[in-house]
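Student: Here it is: the structure, laid out below.
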Amino acid sequence: MNEFLNKLTAIVGPAHVQTNGDLTKFEEDWRKRAKGKALAVVSPGTTEEVSLVIKACLQERVSIVPQGGNTSMVVGSIPNNTGTQVLLSLQRMNKVRAIDAANLTMSVESGCVLQQVQQCAEKEGYLFPLSLGSQGSCTIGGNLSTNAGGTQVVRYGNARELCLGLEVVTATGEIWHGLTGLRKDNTGYDLKNLYIGSEGTLGIITAATLKLYPLPAAKLTAWASVKTIQQAVELLGLAHKMLGPALSGFEMMGQFALSLVNKHFPQMNVPLWRENPYCILLEASDNESESHAREQFEGLMQKAIESEIISDAVIAESLSQAKALWLIRENITMAQATEGLNIKHDISLPVSKIAAFVDETDSKITQKIQGAQIVNFGHLGDGNLHYNVQAPQGVDSKTFLQKYEHDINTLVYDNVIKYAGSISAEHGVGSLKVDTLKDYKDPTALALMRSIKKALDPHNIMNPGRVINEL
Ligand code: FAD
Ligand code: MLT
Ligand code: ZN
């Protein structure tokens, strides 16, 4: 093994192969659900170095776990505990390679932190719309490998829709130069979309060409309180009708989720959360003018009050007020993590079926476990719920998970399928859902996925055990 490590050291330099010291930040997942042990943490600085590292690993049949910001929600980016895997950190590959203003594109290396990309685009007068609560640490490579969603999908789409080209190091160490900025290119199979969402199981994304948009002339944000999920769905329908493409965010937050933010971040002053079971965070972006946007937005809120869809609402009067509202929404995850372990579900449903799904699933869970606390929030505009379950008050969260996680997952996922939904909307499969996927994914689709994996990674060295584990 020493010889192998020497080879890696010769490729990336001694400072960039770590085998000792505290490697927790690479080896433990964000949710603290698992901790692994890497043979080495290797941090290449260029695509050529990535290629040489993959070739060296392939030769020794050493498997590789790619990692960006290590913010995975599904234990996808840490090594297993055998001490035999190379943890490939892409964080040093963080250069913005080019901005093509006329083409409205930007080419960046995969280790660029999402916020860095957003800020760089904004400095040039453009918007890169992907927005997640983890944007201060997640990377573009991770975003594309998970096809991240976030809070602007209702208008701009998932990470997949925001990417035009990729540079990839394949599982055999070849470099695919697919860094195109073309909006039309029908020259065969869509390789880009195969790598996007593949969670590091097919190859390493080393760079991407991303779409840019004009910066909106105005942004309006409101926080509304509704009595039922059905009313939230009606508000969404009204917002689509009255705002059209200007609707850029539509987030739902259940009362218990907000109570956790109120408990752990009291300085955030959560508005209206005590009044009703749900709050909605709505955002509209307009390319015309502030006054046009405000008129349209206030018209929507007025109509929603008159038709008794919403009970109460506040409209942000400044950018800082809007930011404060978004911060509350983004901190639900952290508030939940501070509270303790919980059973997380990242599901999607047709919007038309969400209310029936929530009513039925809520009552099944509380019938099964008296006092179970449901932390329901998410991107309602995309039909995506983070439908999480927390232990009853006073019950130890670890014990609760050991006893109920499997049964609760089965209950929730069976209902998701009954209502024609997906068991993983935006976080991916990782290792946490790899066994569950087998029970819920179409068998023909799974067989095709296995064929693709075998064809592109014949020796199963790329993030084995993630997404699919029986080849
Ligand atoms: P990592 O966690 O490092 O890796 C994720 C997966 O991608 C792993 O399988 C890894 O092996 C693979 N990978 C990473 N980089 C590469 C690469 N260059 N090439 C090939 N494979 C690679 N997700 C959402 O979709 N929407 C949200 O709203 C959202 N909010 C979040 C809020 C918080 C507070 C947190 C902690 C997480 C949130 N997430 C969200 C989940 C997470 O941030 C995203 O999945 C993100 O895209 C992961 O990026 P990362 O750089 O941290 O990737
Ligand atoms: C979010 O929408 O906040 C994220 O996807 C993270 C989570 O599910 O907790
Ligand atoms: Zn989310």
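The values are calculated or read from the model by the stated rules, or taken from the named source; none is laboratory data. Treat the numbers as computed from the prediction; the structure is a model and nothing was measured. For neighbour counting, all protein chains shown are included, and Cβ atoms are generated from backbone atoms with ideal geometry for every residue, glycine included. Protein only, heavy atoms only, side chains kept; ligands, DNA and RNA dropped before computing areas. Shrake-Rupley method; radii C 1.70, N 1.55, O 1.52, S 1.80 Å.
Student: Any chance you could check the Cα centroid distance between the stretch 196-246 and the stretch 105-162 for me, in angstrom?
Tutor: Rounded to whole Å, the Cα centres lie 13 Å apart.
Student: Additional query: Given a 1.4 angstrom probe, I'd like the percentage of the accessible area of the chain that is carbon and sulfur, rounded to a whole number.
Tutor: Taking all protein chains in place, the chain shows 50 percent carbon and sulfur surface.
Student: Given Lys123/Lys184; Lys95/Lys211; Lys227/Lys303, which pairs have Cα atoms separated by over 25 Å?
Tutor: Lys123/Lys184
Student: What number does the stretch 24-123 give for Rg over Rh if you use C-alpha atoms and the Kirkwood radius?
Tutor: 1.05
Student: Based on the Cβ-Cβ distance from Glu3 to Asn460, what FRET efficiency comes out when R0 is 30 Å, to the nearest 0.05?
Tutor: 0.85
Student: For the chain, I need the span (max minus min coordinate) of the C-alpha atoms along each principal axis, in Å, sorted largest to smallest.
Tutor: Sorted largest first, the three principal extents are 72, 57, 44 Å.
Student: Among the lysines, select those whose C-alpha is under 17 Å from the C-alpha of Lys344, and discard any that sit fewer than 8 residues away in the same chain.
Tutor: Here the lysines satisfying the reach criterion relative to Lys344 are Lys32, Lys364, Lys398, Lys403, Lys433.
Student: So which GluC sites (Glu not before Pro) in the stretch 119-200 pass both tests, a DSSP loop state and at most 15 other Cβ atoms within 10 Å of the Cβ?
Tutor: For GluC sites (Glu not before Pro) across the stretch 119-200 that sit outside H, G, I, E and B with at most 15 neighbouring Cβ atoms in 10 Å, the list reads Glu124, Glu174.
Student: So if I take the alpha carbon set of the stretch 184-269, get Rg, then get Rh from the Kirkwood formula, what is the Rg over Rh ratio?
Tutor: For the stretch 184-269, the value is 1.11.
Student: In cubic angstrom, how much convex hull volume per residue do the alpha carbon atoms of the stretch 314-471 span?
Tutor: Hull volume over Cα atoms, normalised by residue count, gives 161 Å³.
Student: Can you give the accessible area per residue of the stretch 142-256, in Å², using a 1.4 Å probe?
Tutor: Spelled out: the 1.4 Å probe surface of the stretch 142-256, per residue, equals 36 Å².
Student: Give me a comma-separated list of calculated 3J(HN,Hα) values for the stretch 110-118, in order, Karplus coefficients 6.51, -1.76, 1.60 applied at θ = phi - 60°, integers in Hz, x for any Gly or Pro.
Tutor: For the stretch 110-118, the Karplus-derived couplings read 5, x, 4, 6, 3, 4, 4, 5, 4 Hz, x marking Gly and Pro.
Student: Output ³J(HN,Hα) for the stretch 177-188: one whole-Hz value per residue in order, computed from phi by the Karplus curve 6.51 cos²θ - 1.76 cosθ + 1.60 with θ = phi - 60°, and x for Gly and Pro.
Tutor: Once rounded to whole Hz, the list reads 8, x, 7, 8, x, 7, 8, 9, 6, 9, 10, x.
Student: Taking amide H atoms as placed 1.01 Å from N in the peptide plane, list the residues 5 or more away in sequence, or in a different chain, whose amide H sits under 5 Å from that of Gly69.
Tutor: Counting only residues 5 or more places away or on other chains, the set is Thr139, Gly142.
Student: What lysines sit close enough to Lys25 to cross-link, taking a C-alpha to C-alpha distance under 16 Å and skipping anything fewer than 8 places away on the same chain?
Tutor: Correct list for Lys25: Lys35, Lys37.
Student: Let me ask another. What accessible area per residue, rounded to a whole number of Å², is obtained for the stretch 271-417 using a probe radius of 1.4 Å?
Tutor: Accessible area per residue, the stretch 271-417: 44 Å².
Student: Find how many whole Å separate the alpha carbon centroid of the stretch 1-31 from the alpha carbon centroid of the stretch 251-310.
Tutor: 46
Student: Could you let me know the centre-to-centre spacing of the stretch 437-468 and the stretch 341-383, using Cα atoms, in angstrom?
Tutor: Here the answer is 29 Å between Cα centres.
Student: Rounded to the nearest 500, what is the chain's calculated 222 nm mean residue ellipticity when only DSSP H runs of at least 4 contribute -39500 (n - 2.57) each, over all residues?
Tutor: Helix-only estimate at 222 nm: -11000 deg cm²/dmol.
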